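These notes concern the structure reproduced below.
The values are calculated or read from the model by the stated rules, or taken from the named source; none is laboratory data. Every value quoted in this text rests on a predicted model; they were computed, and no experiment measured them. Cβ placement follows ideal geometry from the backbone for every residue including glycine, while neighbour counts extend to all protein chains displayed. Accessible surface areas use protein heavy atoms only, side chains included; no ligands, DNA or RNA. Shrake-Rupley method; radii C 1.70, N 1.55, O 1.52, S 1.80 Å.
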Amino acid sequence: MSAREEILARVRAGVGKEDAAGRRITAESWLAARHCGPQPVIGSSLVERFRSKAESLASTVATVVDLAAVPAAVAEFLALNQLGTTAVLTPECAAGDWAAAGLTVSARSAVDADLVGISGCFCAIAETGTLLLLSGENSPASVSLLPETHIALVPVGRIVATMEAAFALLRAERGTLPRAVNFVSGPSRTGDIEQTIVLGAHGPCRVHLILIGDIA
Amino acid sequence: MNAAAKHSQAMHFHARAGEKVRNPALQRALQKARPLFVGKRQKGLASLAEDGLDFTNLRSTAENIRNRVLADLDVWLELFEERATASGAEVMWARDGDEVARLVVEIAQKHGVRKVTKSKSMLSEEARLNEALSAAGIRPVETDLGEYIVQLAGEPPSHIIAPAVHKSIGEVEALFAEEHGRPQQARTSADIPAMAREAREVLRQHFLSADMGISGANFLIAETGSAALVTNEGNGRMVTTLPRVHVVVTGIEKLLPTLEDFATLMRLLPRSATGQSISNYVSLLTGTRARDVGALTPGPSPAGRGEMGAPLHDGQVPEGPEKTVFILVDNGRANLLGSAYQDMLRCIRCGACMNHCPVYFSLGGHAYGWVYPGPMGSVLTPLYTGIENALDLPHASTGCGHCADVCPVGIPLPSLMHRLKEEQLARGLRPWSERLALRVWAWVAGRPRLYRWLTRRVARYLDWLADGTGRIRIFGLAPAWTAERDLPVAAGKTFHELYAAQKRK
């Protein structure tokens, strides 16, 4: 008997039920129903909540009124932190006028030598101050992972309340999952040496969020 | 003897416990960590309350989700397998740890793998995977900082989420100096960022040069055929993004039905483990890189769909593995289904039970002798390696019940330990003296007049020994017990006498 058959036989014996077909229909209807558990009620505005949670996770946040203002905001952040003028960005972000802001950008996957990575996001989650990034040819995951500094562009209209709301949006707009759905909440961290928290474990040491849009 | 029991040291718990209690460096590390662990979870729970969420309510929802999966695990496993396969991954099954090791080595050899980077996986400890890979000439590199430290030390992790909690900064420094080929330096806690930086740089080169990544899975999602991975360091993302091959090694019980169920569990797992409302990186990994080829801009770009999307440069290789394999592992799990211990399969490996356990913080994780320490280990080790091979563990409890209070999926850990003790007795696995004592007690307890007479004598005797102080310094009948502490005694009256006196009033 194969390992699969043997394990499933053991599981069936443990479960101790007949009618696999009927139980399968019940399971599939549970999948279709997508019941949600208790969710927080986000009292303040989604943008405010997202911003305060992101800052509490050691991200920095800037705001711009529209997309055209993004390259200048990025340049300002890089200059302020002495991070140079070169960046790798996800192809989804390539269309901005980066040269006008004095930045040299290349749209591709990141490599080890890249110090600054700029990405968009699929959406953002107010509850926890989290970015939701989808892998794809136009949004390679390495850009938010390998460089020491990750700058993410977050249109305020893409901020949703909870992880459940993000999944609903994902189903509505995409239908299927890409290879990687990455929820990113601030710079990487470790507490493995004497329980002391250090920012910048393997991923970025610095996460800067640029909120785009009309922020009341 | 089952495969898992071969390498268990759980039978030496008693001897090891003595060593650990007398190890001052270990005791310092544990006493430093304990209040931090407890405080972090408290903060995590406070953040739930701030959002108007009730822990008890959330816990019962999570408990129901886990019970739903276990009640029809055969169906959920088949659903997961179908969907994972349809999404482009391969699904394999392993009966025990040895089979896991054999499958992983075979996959590595088939793909010409010479170096493997690993994200933390306790199941790979069950399988002694690193040993098997090394024996096959494949280099396994642990990339979670704590796992990296214990790998350098040639030790197993001593905690399921803080593997190097038993190591002092000085010990870490000695390991780094040797591995990284530099002189050893005097280090204080101010140097911890520099040490983490050093490990980052060394491990970055391993990430970039590995041919295969091995991860566990915090959960498997049946709906989408995905593995969910929760990390803070980002190593989980690295090992599942950069190498050509990704192998997920995980237990058959880790399933969740839907993404919504996952969202519920994610409100509990990080808070229970580290007190965070969410871990830095949470990834859902599905199929292979082929899923991303030809896909349009994933959802609206900052400007909305289409406005900003530019095609990739020619020749750009999409990221992610070419090959993804899930290895679904039994290793004793299926036997718990339908048994008195089924509740244990709800466990989501948060570590809260050990973080609140007085026994764990007296001994550290290594005393437990197998992969899992603390209360969950005291239940799992006997169940996975054989009750007769871990006789002391169910007794490694003060009966305080804190582990059950903090468990985010409501596992009645003290009752499960109690049941294991009963089973030891039923199977004649307790020492003859204990069995005899229990038999004598049962005989006496069945004779009320004799029982009252005897307990009266005992109460008077203890009172006489205490000599009015309320405590006994040295108790000849249990010298080990009073070697470290006094035995408190009641007021020289039996319960029956006190009860009768109370009634007369």
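General observations
- Computed over chain B, the per-residue total of -39500 (n - 2.57) for DSSP H runs of n ≥ 4 gives a 222 nm mean residue ellipticity of -15000 deg cm²/dmol, rounded to 500.
- Ranking A:Leu209, A:Leu133, A:Leu103 by how far each Cα lies toward the positive end of the dipole of region A:46-212 (charges on Cβ) leaves A:Leu133 at the top.
- Taking a straight line from the alpha carbon of B:Lys32, these aspartates and glutamates sit under 12 Å away, with near neighbours fewer than eight places off in the same chain left out: A:Glu194.
- Cα-based convex hull, the protein assembly as shown, per residue volume (Å³, whole number): 192
- Pairs of Cα atoms in chain B fall into 20 Å distance bins, from 0 up to the last occupied one, in shares of 20, 50, 23, 6, 1 percent.
- B:Asn57 paired with B:Ala153, simple spin-label distance in nm, labels 7 Å along Cα-to-beta-carbon: 4.3
- Translational diffusion coefficient (Stokes-Einstein; Kirkwood radius from C-alpha pairs) of region B:439-504 at 4 °C, 1.567 mPa s, in µm²/s: 99
- Chain A: C-alpha gyration tensor shape, a/c 1.5 cut-off, then a/b vs b/c: prolate
- About its Cα centre, the dipole of chain A is roughly 680 debye, where the only charges are +1 on Lys and Arg Cβ and -1 on Asp and Glu Cβ.
- For region B:439-504, averaging the sequence separation of C-alpha pairs within contact (under 8 Å, six or more residues apart) and dividing by the residue count gives a relative contact order of 29 percent.
- Estimated [θ] at 222 nm from DSSP helical runs (n ≥ 4, -39500 (n - 2.57)) normalised by residues in chain A, nearest 500: -8500 deg cm²/dmol
- Qualifying trypsin sites (Lys or Arg not before Pro) in region B:455-487, DSSP loop, other Cβ atoms within 10 Å at most 16: B:Arg473, B:Arg485
- Shape category assigned to region B:427-477 from the gyration tensor of Cα positions, a/c cut at 1.5: oblate
- Taking every DSSP beta bridge that has both ends in chain B, the antiparallel portion is near 30%.
- Spin-label pair B:Asp467/B:Arg204, simplified geometry with 7 Å Cα→Cβ offset, distance in nm: 7.0
- Here the Karplus curve 6.51 cos²θ - 1.76 cosθ + 1.60, taken at θ = phi - 60°, turns the phi angles of region B:454-465 into couplings of 5, 5, 4, 4, 5, 4, 5, 4, 4, 4, 5, 4 Hz, with x standing for Gly and Pro.
- Simple label model, 7 Å out from Cα along Cβ direction - B:Glu179 to B:Asp486, nm: 4.9
- Computed on the Cα atoms alone, the convex hull of region B:78-192 gives a volume of 138 cubic angstrom per residue.
- For the protein assembly as shown, the solvent-accessible area with a 1.4 angstrom probe is 40 square angstrom per residue.
- For chain B, with +1 on Lys and Arg beta carbons and -1 on Asp and Glu, the positive-most of B:Ala17, B:Ala222, B:Leu268 along the dipole: B:Ala17
- Amide hydrogen neighbours beyond the local backbone of B:Val489, cut-off 5 Å, H modeled: B:Arg471, B:Ile472
- Bridging of B:Lys493 to lysines at a Cα separation below 20 Å is possible for B:Lys503, B:Lys505, once same-chain residues fewer than 8 apart are set aside.
- Region A:34-128: relative contact order as a whole-number percent, Cα under 8 Å and 6+ apart: 31
- When chains B and A come together, the accessible area they lose, probed at 1.4 Å and totalled over both chains, is close to 9300 Å².
- Phi angles of region B:362-374 translate, via the Karplus equation with coefficients 6.51, -1.76, 1.60 and θ = phi - 60°, into HN-Hα couplings of 8, 10, x, x, 5, 4, 5, x, 9, 5, 10, x, x Hz per residue; Gly and Pro are given as x.
- Violating pairs (Cα-Cα greater than 27 angstrom) within the set B:Lys167/B:Lys323; B:Lys115/B:Lys323; B:Lys20/B:Lys118; B:Lys43/B:Lys118: B:Lys167/B:Lys323; B:Lys20/B:Lys118; B:Lys43/B:Lys118
- Shown for the protein assembly as shown: cysteine residues without a partner Cβ closer than 4.7 Å, namely A:Cys36, A:Cys93, A:Cys121, A:Cys123, A:Cys205, B:Cys347, B:Cys350, B:Cys357, B:Cys400, B:Cys407.
- Once C-alpha pairs closer than 8 Å and six or more residues apart are averaged by separation and normalised to the residue number of chain B, the relative contact order reads 20 percent.
- Phi-based couplings in Hz for region B:272-285 (Karplus 6.51, -1.76, 1.60; Gly and Pro marked x): 6, 8, 10, x, 6, 6, 7, 6, 4, 10, 10, 10, 10, 10
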